[in-house]
Amino acid sequence: MPTLPEAWQAWITENLARGCAPAEMAQVMVRDGKFEATLARAAIEEARQAGFSHIPAAPSAQPLPEVDTSSNFFRTPDRDVEILFSLRAPRVVLLGNLLSHEECDALIAYGQTRLERSPVVSDTDGKTELHAHRTSRGAMLQRGETELVTRIEARLAAVTRWPAENGEGLQMLQYEKGNEYRPHFDWFDATRPGPRKHLERGGQRVGTIVMYLSDVESGGGTSFPEIGLTVQPKKGCAVFFVNTDAYRNPDPKTLHAGEPVEKGVKYIATKWLRERAYV
């Protein structure tokens, strides 16, 4: 077994004997043991082959949503999207001209009458609940609900090279002065019963796109505290980031927050990309 503390070697053996899934075990080792994902998978696979060959191997690498940043812009069937900034680890890409100002205004107008206090997912039972860490108001839009929504979703699919059916519906959000969403992850923690329920429908959230529907006079940035990055909202732009590695291990560096709005009103539309069809 690759070099690991004896306690972790015993933990691997014990959990394989219990029939735990290697992929979920690797997630725990990365999160709690701070091991590199490749080392965790190698150790689990070696132990599995040595005495637990009846347990399926951990999954092989899978495709992820991705934006082509080899040029300064990306041509979609109906719009040229600018590449303003890109980071490889974690994968973060800032997109310009993703939406027209008219599309932003129309999306705000369409969702405005449906705004309600934004909930979070409970760790215990997977139900949505209100939480002091999230003070925005939002509206969930069904996939393909209108021609405008369908057009935007098709463009996002082209930009990320990820099927539209693998995405959740758009979530439109409004942040007024003082509203925020404190640091959180978009990926679901498979070790917790609540988030695990959400994995049953479409699998993991492998990618996120946050589209800025309005300019904000002060505050309201999307910050990534683990990497010291803050993206300021600019109407028509968007930030895309990948939430996991190719083995579906959540990336802790994707911790992010919606910083408090200091002046003005921030409108965004969020698109979460799942690993398989979301139905």
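Taken together, the values in this text are just the output of simple stated rules run on the coordinates, not laboratory data. Because the structure is a prediction, the values reported are computed rather than measured. Using ideal geometry, Cβ is built from the backbone for each residue, glycine included, and neighbour counts are taken over all protein chains shown.
You can think of it this way: the chain between Lys235 and Ala50 has 61.0 nm of extra reach, that is 0.36 nm per residue less the Cα-Cα gap.
Taking all Cα pairs closer than 8 Å and separated by 6 or more residues, the relative contact order of the chain comes to 21 percent.
Between Phe85 and Leu94, the built amide H atoms are under 5 Å apart, and every one of these is 5 or more places off in sequence or on another chain. Over segment 1-133, the reciprocal of the mean inverse Cα-Cα separation, the Kirkwood hydrodynamic radius, stands at 19.6 Å.
Could you go through segment 165-175 in sequence order and give the Karplus-derived ³J(HN,Hα) for each residue, using 6.51 cos²θ - 1.76 cosθ + 1.60 with θ = phi - 60°, rounded to whole Hz, and x for Gly and Pro? Once rounded to whole Hz, the list reads 5, 8, x, 6, x, 5, 10, 8, 10, 10, 10. Of Ala238, Ala42, Ala164, which has the largest mean-square fluctuation in a 10 Å C-alpha GNM of the chain? Its mean-square fluctuation being the largest, the pick is Ala42. Residues of segment 192-216 falling in the label zone of Asp125, defined by backbone nitrogen less than 12 Å from a point 7 Å along Cα to beta-carbon, are 194. Each listed q (0.12, 0.15 Å⁻¹) maps to a log10 I(q)/I(0) for the chain from the Debye sum over equal C-alpha point scatterers, namely -0.77, -1.13.
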